[in-house]
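Every read-out reported here was derived from the displayed coordinates using simple, explicitly stated rules and does not represent laboratory data. This is a predicted model, so every value here is computed, not measured. Neighbour counts run over all protein chains shown; Cβ positions are idealised from the backbone, glycine included.
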Amino acid sequence: MSHLKSRALPISKRGLSFEMFMWAFTRATALGMYGFILLGVIGALIMGAQHNMTFVEVLRWALITNPGHVESTQIADVTPWVSSFWRLIASGMLLTAGSHGVHGVIVILDDYLPKDNQRNWNRYLNMGIFGLVALAGLYIIWTA
Amino acid sequence: MGLQRNVSLSTGLRYKGHSPFWAYILHRIGGAGMALFITIHILATFAEQQGWKIGDLINKLYTSPAFQIFILFCVLFHAINGLRIVILDLFPKKLMPYYRQIIRAELALFIIVFGFAVFSVVTTALGRMS
């Protein structure tokens with residue numbers, strides 16, 4: 001397959017349009033989410049997940065490190081798990097994943113909406129839903 | 001304005017794009033699945049916190065093994081395929097010529113990780129029953 005020549009331009013020669021910015025944003029947030037998940041797994045292991053949590057519970061905790069995700073596990077003392085640090089990490093993950101996700105949903109739906117008018121509504125509706133759900137999520141993380 | 005396509009669904013399904021095409025379709029299904037279910041999960045948890053019964057009902061569905069296997073498929077495929085896309089895009093000149101081999105390696109990695117996840121979900125569910 002090595003006879004196939006790549007036609008990709010080097011990043012410095014591509015210029016910065018909105019599409020180029022969102023292309024980079026999608027990839028940067030993907031790597032950011034890997035960072036958040038890794039942090040969650042390492043934190044869980046430090047705080048005693050090894051003997052008190054199942055694999056699924058550790059994954060659930062690592063995906064969003066909010067207080068609700070450590071309830072109903074075998075962890076006896078949840079004090080270190082519900083600190084402001086973990087709430088801040090959960091908020092970061094929520095906004096990173098949410099903005100990555102809402103962009104993805106808009107891109108997918110754009111492929112099935114041929115009219116400009118429909119595409120505008122697609123943007124307004126999805127961004128509106130994202131705003132409301134992000135507020136609900138932040139409320140859950142900081143009041144639980 | 002807008003794109004005009006005159007391709008039926010059955011023609012689309014017979015499209016012979018092979019592994020890159022299926023990776024693209026599954027990436028979309030995984031992403032859309034996550035977006036939908038995480039939105040519902042956040043709203044359900046919000047409802048649960050307010051003491052509305054509908055929240056408990058939805059979140060109880062989410063702890064069922066069948067749903068966990070489905071959402072783990074979405075999350076793990078989207079995450080592993082996404083990492084493949086990021087790595088290919090970071091080094092396009094070196095890696096793009098080998099994209100088919102890289103997708104095969106990715107698929108092997110996905111089967112191992114997803115297999116372990118399914119095994120873990122099933123054994124946890126069996127442990128809870130006994």
Expressed in nm², what is the orientationally averaged projection area of the convex hull enclosing the Cα positions of the range B:17-129?
8.6 nm²
To the nearest 10 degrees, the tilt of helix A:84-110 (Cα long axis) against the first principal axis of the alpha carbons of chain A is 30 degrees
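Give, as a single signed number, the net charge of other residues whose beta carbon lies under 10 Å from the beta carbon of A:D110, with Lys and Arg counted +1 and Asp and Glu -1.
Values: positive: A:R119, A:R123; negative: A:D111.
Every neighbour counted, the sum reads +1.
Looking only at trypsin sites (Lys or Arg not before Pro) in DSSP loops with at most 13 other Cβ atoms within 10 Å, what is the longest site-free stretch of chain A?
On the way: sites that count: A:K5, A:R7, A:R14, A:K115.
Result for the longest clean stretch: A:15-114.
For a quick check: sort A:L113, A:L31 by the number of other beta carbons within 10 angstrom, fewest at the front. Before the final figure, lay out the partial values.
On the way: A:L113 16, A:L31 12.
In order of increasing Cβ crowding within 10 Å: A:L31, A:L113.
Counting other beta carbons within 10 Å of each residue's own, what order do A:T65, B:T124 fall into, fewest first? Don't skip to the end; give the middle numbers.
On the way: A:T65 28, B:T124 16.
Fewest to most other Cβ atoms nearby, the residues stand as B:T124, A:T65.
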Each label point is 7 Å from the Cα along the Cα-to-Cβ direction; what then is the distance between the points at B:F67 and A:I46, in nm?
3.2 nm
Karplus couplings for the range B:59-68 from phi (6.51 cos²θ - 1.76 cosθ + 1.60, θ = phi - 60°), rounded to Hz, Gly and Pro as x?
5, 5, 4, 5, 8, 6, x, 4, 5, 4
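Within 10 Å of each Cβ in peptide B:39-49, how many partner chain Cβ atoms are there on average? Round it to a whole number, please. Mind showing how you got there, number by number?
Details: counts 10, 1, 3, 13, 6, 0, 9, 6, 1, 2, 6.
Across the residues of B:39-49, the mean count of other-chain Cβ atoms within 10 Å is 5.
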Over the Cα atoms of the protein assembly as shown, compute the convex hull volume and normalise it per residue, giving Å³.
176 Å³
Using a 10 Å Cβ count of at most 12 others and DSSP loop calls, identify the longest part of chain B lacking such trypsin sites (Lys or Arg not before Pro).
B:17-130
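Find the all-direction average of the projected area of the Cα convex hull for the range A:48-144, expressing the result in square nanometres with one decimal place.
On the way: hull surface 28.4 nm².
Averaged projected hull area, Cα only: 7.1 nm².
Run the helix sum for chain A: -39,500 (n - 2.57) per DSSP H stretch of 4+ residues, divided by residue count, reported at 222 nm to the nearest 500 deg cm²/dmol.
On the way: 5 runs with 97 residues, N = 144.
Calculated from helices alone, the mean residue ellipticity at 222 nm is -23000 deg cm²/dmol.
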Give the cross-link partners of B:K94 among the aspartates and glutamates, using a straight C-alpha distance below 19 Å as the criterion and excluding same-chain residues fewer than 8 apart.
B:E106
